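Asks: Pasting in a structure now, in structure tokens, and then I'll have a few things to ask.
The values are calculated or read from the model by the stated rules, or taken from the named source; none is laboratory data. In this text, all values refer to a predicted model and were calculated from it rather than measured experimentally. Cβ coordinates were reconstructed from backbone atoms using ideal geometry, including for glycine residues, and neighbour counts include every protein chain displayed. All accessible areas refer to the heavy atoms of the entire protein, side chains included, with ligands and DNA or RNA removed. Shrake-Rupley method; radii C 1.70, N 1.55, O 1.52, S 1.80 Å.
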Amino acid sequence: MKINIELLKDLERTIDTINPEKGKIPIKILGYGEISLVFEIVDDPLHLAYKRIPIFDSVRQVKRHVWAFDTYNRILREDLGIILPEQEAIWFKDEEGKIQFYIIQQKVDTEAVGNHVIHNVSDQEVETLILLAMREMKKIWMLNKTNENLDLGIDGQISNFVVLDYNPNNPKIDETKKLLYLDTSTPMFRKNGAEAMEAILFLKSAPSFLRFLLKALFLQEVLDRYYDWRLVTIDLLANFFKEQKPEIIPLLIRRINRFFKEEAIDFNIEPITIQEVQKYYKSDKTIWVAFQNTRRIDRYIKTKLFRKKYNFYLPGKIKR
Ligand SMILES: Nc1ncnc2c1ncn2[C@@H]1O[C@H](COP(=O)(O)OP(=O)(O)OP(=O)(O)O)[C@@H](O)[C@H]1O
Ligand SMILES: [Mg+2]
């Protein structure tokens with residue numbers, strides 16, 4: 001993959017993490033999750049998407065992460081046949097000696113990313129999209145079932161899937177469509193029960209005064225959730241609240257329960273109920289809103305009171 005590392009170093013020198021689109025090198029935000037900032041460089045002839053993940057303190061830590069990233073993605077692609085973008089993990093030390101880590105991917109058309117697609121196709125087609133996502137996930141849990149000492153997790157949210165050969169001017173989804181999986185930067189797998197990725201990294205974007213508390217309260221729960229197909233599915237469903245499409249959830253639940261009965265019978269998964277999805281959404285929302293608010297406070301303390309750099313980009317108020 002062709003990457004201009006000097007450009008990235010230049011970007012690191014000048015990035016404004018509070019207003020990232022206003023820095024010297026013009027970037028445009030493609031999306032953000034809770035930790036990474038995903039952007040493109042304006043007029044980039046290479047058409048790349050950059051995921052900036054500022055969580056590493058040591059070379060040992062980042063090397064381990066690159067290993068976990070490579071291994072996880074090799075399993076997804078080669079063993080399971082899941083389609084991934086062309087991508088690479090890179091890191092370097094910036095001028096201050098701090099480790100900067102990026103996942104760089106070939107850029108996909110934003111219109112074809114699942115959370116955009118669901119607003120532009122019929123309910124029937126959203127149902128089909130979800131079915132296709134469930135079939136991708138089945139590959140993961142088939143592997144988990146047949147491998148005693150290996151467990152894979154995945155984040156099944158609809159914003160992580162891209163519809164290939166999608167025409168935004170004539171949007172259509174049917175069962176012949178292929179999906180690409182984007183969210184490859186968190187390598188979730190366990191060998192003999194041991195997490196490949198250093199678990200504490202999940203919390204790195206939390207204010208240090210909170211990390212201890214979050215670790216004690218939520219870390220294991222949040223991690224385990226990605227290894228449990230039923231919970232991953234509930235998470236996928238609950239996201240339709242955040243996407244402002246709650247009315248479609250009952251339809252999707254019925255389709256998913258049928259999928260579990262017809263196509264995944266060997267996994268013995270109990271039917272999902274709307275009450276569970278609602279309850280999950282409420283608790284998840286509470287956790288994330290509290291998390292984002294304390295991060296804003298932390299940023300204020302660092303930048304305004306101590307005049308230090310705040311390394312994470314915080315999205316504006318997310319409508320949930
Ligand atoms: N290769 C890409 N091309 C175009 N847009 C992308 C690409 N990768 C990601 N995006 C956009 O950015 C969003 C977030 O990316 P991704 O899912 O990889 O990270 P994330 O959810 O932020 O992960 P985390 O929360 O673990 O930090 C995607 O939903 C998508 O809209
Ligand atoms: Mg994502």
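Asks: For a Förster distance of 30 Å, can you work out the FRET efficiency between the beta-carbons of Arg74 and Arg258, rounded to the nearest 0.05?
Replies: The calculated FRET efficiency here is 0.35.
Asks: Filter Lys2/Lys138; Lys28/Lys93; Lys63/Lys107; Lys282/Lys302 down to the pairs with a C-alpha to C-alpha distance above 28 Å, please.
Replies: Beyond 28 Å: Lys2/Lys138; Lys282/Lys302.
Asks: Let me ask another. Quick one, what does Rg over Rh come out to for the stretch 193-320 if you take C-alpha atoms and the Kirkwood Rh?
Replies: A ratio of 1.06.
Asks: Sticking with this structure for a sec: Using a 7 Å offset from Cα along Cα-Cβ at Ser58, what residues in the stretch 71-97 end up with backbone N under 15 Å from the label point?
Replies: none
Asks: Taking the chain as a Gaussian network, Cα atoms linked when under 10 Å apart, which of Phe202, Phe212, Phe56 shows the biggest mean-square fluctuation?
Replies: Phe212
Asks: Further, regarding this structure: From the backbone phi of the stretch 133-144, what are the Karplus-calculated ³J(HN,Hα) couplings (6.51 cos²θ - 1.76 cosθ + 1.60, θ = phi - 60°) in whole Hz, Gly and Pro given as x?
Replies: Values, residue by residue: 5, 4, 5, 5, 5, 4, 4, 4, 7, 5, 4, 4 Hz.
Asks: Cα atoms only, the stretch 120-202: Rg and Dmax in Å?
Replies: Rg then Dmax for the stretch 120-202, in Å: 15.5, 48.
Asks: Can I ask one more? With all distinct Cα pairs included, what does the Kirkwood hydrodynamic radius of the stretch 1-107 come out to in Å, to one decimal, could you say?
Replies: Averaging 1/r across every pair of different Cα atoms and inverting gives 14.7 Å.
Asks: Using 7 Å Cα-to-Cβ label points, what is the Glu95/Glu175 separation (nm, one decimal)?
Replies: With each label placed 7 Å out from Cα toward Cβ, I get 5.8 nm.
Asks: Return the FRET efficiency for the residue pair Arg13, Thr273: r is the Cβ-Cβ distance, R0 is 45 Å, and the value is rounded to the nearest 0.05.
Replies: Values: r = 52 Å, r/R0 = 1.16.
My answer for the efficiency is 0.30.
Asks: What net charge do the residues around Asp224 carry, taking every other residue with its C-beta under 11 Å from that of Asp224, with Lys and Arg at +1 and Asp and Glu at -1?
Replies: Net charge around Asp224: -2.
Asks: Any idea how far the Cα center of the stretch 90-127 sits from the one of the stretch 150-194, in Å?
Replies: Cα centroid of the stretch 90-127 versus Cα centroid of the stretch 150-194: 11 Å apart.
Asks: Could you check what % of the DSSP bridge pairs in the chain are antiparallel, to the nearest 5?
Replies: Here the antiparallel bridges make up roughly 95 percent for the chain.
Asks: Here is a further query. Pairs Lys177/Lys242; Lys204/Lys309; Lys9/Lys98; Lys139/Lys261; Lys215/Lys309; Lys245/Lys285: which are spaced more than 18 Å apart, C-alpha to C-alpha?
Replies: Among Lys177/Lys242; Lys204/Lys309; Lys9/Lys98; Lys139/Lys261; Lys215/Lys309; Lys245/Lys285, the Cα-Cα distance tops 18 Å for Lys177/Lys242; Lys215/Lys309.
Asks: Normalised by the number of residues in the chain, what is the relative contact order in percent for Cα pairs under 8 Å and 6+ residues apart?
Replies: That works out to 16 percent.
Asks: Another one. Give the accessible surface of the stretch 190-320 per residue, rounded to a whole number of Å², with probe radius 1.4 Å and ligands, DNA and RNA excluded.
Replies: 56 Å²
Asks: Next question, about the same structure. Taking the chain, how much of its Cα-Cα pair set, in percent, is spaced more than 34 angstrom apart? Mind showing how you got there, number by number?
Replies: Details: 11547 of 51040 pairs.
Of the Cα pairs, 23 percent sit more than 34 Å apart.
Asks: By the scheme Lys and Arg +1, Asp and Glu -1, what is the net charge of all other residues having a beta-carbon under 12 Å from that of Glu86?
Replies: +2
Asks: What does the extension gain come out to for Glu111 and Ile287, with contour length at 0.36 nm per residue minus their alpha carbon separation?
Replies: Numbers: separation 176, 0.36 × 176 = 63.36 nm, distance 2.92 nm.
So the chain would gain 60.4 nm between Glu111 and Ile287.
Asks: Moving on to the next point. For the chain, give the magnitude of the charge dipole about the Cα centre (Cβ charges: +1 Lys/Arg, -1 Asp/Glu; no others), in debye to the nearest 20.
Replies: Values: 50 positive and 46 negative charges, 282 e Å.
Dipole of the chain, to the nearest 20 debye: 1360 debye.
Asks: With Cβ to Cβ distances under 15 Å as the rule, what net charge do the other residues near Gly156 carry (K, R +1; D, E -1)?
Replies: Net of charged neighbours comes to -1.
Asks: Using the Cα centre of the stretch 163-235 as the reference point, and only Cβ charges (+1 on K/R, -1 on D/E), how large is the resulting charge dipole? Debye, rounded to the nearest 20.
Replies: Dipole magnitude for the stretch 163-235 comes out near 180 debye.
Asks: Sorting check: for 159-171, 96-108, 18-30, which peptide has the highest mean count of neighbouring beta carbons within 10 Å, and how do the rest follow? Show your work: numbers first, answer last.
Replies: Numbers: 159-171: 15.8, 96-108: 17.5, 18-30: 13.3.
Those peptides, ordered most packed to least, come out 96-108, 159-171, 18-30.
Asks: Calculate, for Gln124 and Phe218, the FRET efficiency according to 1/(1 + (r/R0)^6) with r their C-beta to C-beta distance and R0 51 Å; round to the nearest 0.05.
Replies: Working: r = 37 Å, r/R0 = 0.72.
Calculated transfer efficiency: 0.85.
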